[in-house]
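K.L.:
Please read through the structure below; I'll follow up with questions.
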Amino acid sequence: MESIVFSHYSVLLNECIEALNIRNGYTYVDCTTGGGGHSLEIAKRLGPDSRLICFDRDSDAIEAASKRLADYREKITFVHANFASLDEVLTQMKIDNLGGVLADLGCSSYQFDTPSRGFSYQHNAPLDMRMDKTSPLDAERVVNTYSEEALKKILWTYGEEKFAPRIAARIVAEREKHPIKTTEQLVSIIRSAIPSSAREGGHHPAKRSFQAIRIEVNGELDAIEPTVRAAVSHMVPGGRCAFISFQSLEDRIIKETYRDLTGGCTCPKDFPICVCGHKPQIEILTKKPILPGAEELAANPRSRSAKLRVAEKK
């Protein structure tokens, strides 16, 4: 049995802490605690009347972060749940002083580097990819039971894989011969479906497909917009949202949700006065996303696609 060694580089760490503008008397939320790197730096800055709520759907992350944050335990509440439940949890806890919400939407290094989790195309492992190991949907079920059309849509939409039709067709053909149970099997199938000329150089041929299937298994994109809206809804004026994305699909959702929340009156232009009462809820503090600097990229090449967008509650 593998021991839990939860290593994870905290992407854009200093930038996130500065963005949150941590003040005494407020509650802060780390939606994606992981190994606790961001949470630790938030905890260090909490005043005597502040708290931190740490979410993670991965029980291994909760266990690792609990140990790492032991010195600050009296100020922290751990929540083993998808951050999609942010609104429900904050309501149940009667939080009325929310000062900031942070979300790092990337998978942790631990998840990628632990072979048995089945996230990586670099290791042979059972097809899993679940962030929450109690979830009924895993990658094996997606690959072996989804229709060819559904697989094609997932690969195209979530992976932006231009060979999605070929890969989906090959998966269906192969699973009719025998179930596809391992990452090695799936990598071989994907590789065989992509023309040899397209496999030369560049990314690993399975990179986009594995990303797409992982997103489907974990419902990663579905939770982003409602979480941003829940954060803003519960936040006090001056509170900050700091969301880190790692791919264009995530970044687009964050950017568009922020933009929508900056909107004011929706009345027809010919109305003499506003009757809708809509007012801008946030101010976007990052007209362009904050990106990792050269030093961080050298220390952690996986951070190269990270983008941080920050907004402040009006």
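The values are calculated or read from the model by the stated rules, or taken from the named source; none is laboratory data. Keep in mind it's a predicted model, so treat the numbers as computed, not measured. Neighbour counts are summed over all protein chains in view; Cβ atoms, including those assigned to glycine, are modelled from backbone coordinates with ideal geometry. Just so you know, the surface numbers come from the protein's heavy atoms only, side chains and all, with ligands and any DNA or RNA stripped out. Shrake-Rupley method; radii C 1.70, N 1.55, O 1.52, S 1.80 Å.
K.L.:
What residue, among those in segment 247-257 that are among the charged types (D, E, K, R) and touching a strand residue (DSSP E or B) at 6+ places or on another chain (Cβ under 7 Å), is least open to solvent (accessible area, probe 1.4 Å)? Full working, then the answer.
P.N.:
Taking segment 247-257 as the starting set, the residues that turn out to be among the charged types (D, E, K, R) are 250-252, 255-256.
Keeping just the survivors that are touching a strand residue (DSSP E or B) at 6+ places or on another chain (Cβ under 7 Å) gives 251, 255.
Numbers: 251: 11, 255: 77 Å².
Filtering first and then ranking leaves 251.
K.L.:
Restricting to segment 155-179, name every residue that is closer than 16 Å to residue 214 by Cβ, among the hydrophobic types (A, V, I, L, M, F, W, C) and surrounded by fewer than 21 Cβ atoms within 10 Å (Cβ to Cβ).
P.N.:
Result: 156, single match.
K.L.:
Looking only at segment 63-119, count how many residues are closer than 24 Å to residue 14 by Cα, of a type in the set (Gly, Ala, Ser) and under 21 Å from the mean Cα position of the chain (by Cα).
P.N.:
Count: 9.
K.L.:
Scan segment 217-246 for residues that are under 14 Å from residue 285 (Cβ atoms), small (Gly, Ala, Ser) and buried (at least 19 other Cβ atoms within 10 Å of the Cβ) and jot them down.
P.N.:
239, 242
K.L.:
Kindly indicate which of 92, 122, 111 is more than 13 Å from residue 214 (Cα to Cα) and at pLDDT below 95.
P.N.:
Numbers: 92 fails: at pLDDT below 95; 111 fails: more than 13 Å from residue 214 (Cα to Cα).
None of the others qualify; the one that does is 122.
K.L.:
When segment 45-70 is examined, which residues are found to be in a helix (DSSP H, G or I), in contact with a Leu (Cβ under 9 Å, 6 or more places away or on another chain) and open to solvent by 60 Å² or more (accessible area, probe 1.4 Å)? Before the answer, list the steps.
P.N.:
Let us first name the residues in segment 45-70 that are in a helix (DSSP H, G or I), namely 59-68, 70.
Filter once more, so that each one left must be in contact with a Leu (Cβ under 9 Å, 6 or more places away or on another chain): 65, 68.
The one that is in a helix (DSSP H, G or I), in contact with a Leu (Cβ under 9 Å, 6 or more places away or on another chain) and open to solvent by 60 Å² or more (accessible area, probe 1.4 Å): 68.
K.L.:
Just to verify a result, which residue in segment 1-40, among those that are touching a helix residue (DSSP H, G or I) at 6+ places or on another chain (Cβ under 8 Å) and of a type in the set (Gly, Ala, Ser), is modelled with the highest pLDDT?
P.N.:
39
K.L.:
Just the residues that are in contact (Cβ under 8 Å) with a residue 60 or more places away in the chain and not in a loop (DSSP other than H, G, I, E, B), please, taken from segment 130-156.
P.N.:
Result: 139, 142, 143, 154.
K.L.:
Assuming residue 303 fulfils every condition listed in (1) out of contact with any helix residue (DSSP H, G or I) (no Cβ under 7 Å at 6 or more places or on another chain); (2) of a type in the set (S, T, N, Q); (3) assigned to a helix (DSSP H, G or I) apart from one, which condition is it?
P.N.:
That leaves (1) as the condition not met.
K.L.:
Taking the criterion of being touching a residue at least 24 places away in the same chain (Cβ under 8 Å), farther than 15 Å from residue 103 by Cα and open to solvent by 80 Å² or more (accessible area, probe 1.4 Å), would at least one residue in segment 258-268 satisfy it?
P.N.:
Within segment 258-268, one or more residues are touching a residue at least 24 places away in the same chain (Cβ under 8 Å), farther than 15 Å from residue 103 by Cα and open to solvent by 80 Å² or more (accessible area, probe 1.4 Å).
K.L.:
May I pose another question? Go through (1) of a type outside the set (Val, Ile, Thr); (2) touching a Pro at 6+ places or on another chain (Cβ under 7 Å); (3) surrounded by 18 or more Cβ atoms within 10 Å (Cβ to Cβ); (4) at negative phi and name the single condition residue 123 misses.
P.N.:
Every condition holds for residue 123 apart from (3).
K.L.:
Do you know which of the residues in segment 279-314 that are open to solvent by 50 Å² or more (accessible area, probe 1.4 Å) and among the hydrophobic types (A, V, I, L, M, F, W, C) is nearest to residue 259 (Cα to Cα)?
P.N.:
It comes out as 285.
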